[in-house]
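To keep things clear, I will list the structure first and then write my remarks on it.
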């Protein structure tokens, strides 16, 4: 039992490190395609793997650690606030959809991408006290769908190849 817990902790630390590295890559290479606020969400690949290979508690911890560390190291407190809102809400949506067993990992990822953008837009509209920011919503929904599908496809292939039978 102790050996399995140590393996889960080690696997979680590895995933957290990988998520932080992917956040750094996105911080230095903007993949926004000329549209502000759009990101690929590479670190969400790691969160999806944690959600499917471990459980929601581990995925939440990995995601929260990644967001706080990336916020302290690479971005600003406001960016950390936006990321926390998006990360928590998207993980909640992904966890609920995964629990239904009605959606593939690609569908779960796509919903997570849209939920992430919705939460960030909501926080931004509160901070600037202007609900007109939701005019930007269709662009963010489309980008969340596209990037969510891309990350979901990658997560599908990674999830198929990562063996975790010893840590379950």
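Between residue 104 and residue 2, the simple label model (points 7 Å from Cα in the Cβ direction) yields a spacing of 4.4 nm. Computed from Cα atoms, the angle from the helix 77-100 axis to the main principal axis of the chain rounds to 60 degrees. For the chain, a Kirkwood radius taken over Cα pairs fed into Stokes-Einstein (37 °C, viscosity 0.692 mPa s) yields D = 203 µm²/s.
One chain, two ends: residue 75 and residue 137. Fully extended at 0.36 nm per residue, the span grows by 20.0 nm beyond their Cα-Cα distance. Take every pair of alpha-carbon atoms less than 8 Å apart whose residues are at least six positions apart; their mean separation over the length of the stretch 22-168 yields a relative contact order of 25 percent.
The orientation-averaged projection of the convex hull spanning the C-alpha atoms of the stretch 1-90 amounts to 5.8 square nanometres.
Since every read-out is calculated from the coordinates, none of them should be taken as a lab result. These numbers were taken from a predicted model, which means no experiment stands behind them. Counting neighbours? That spans all protein chains shown, and the Cβs are built from the backbone with ideal geometry, glycine included.
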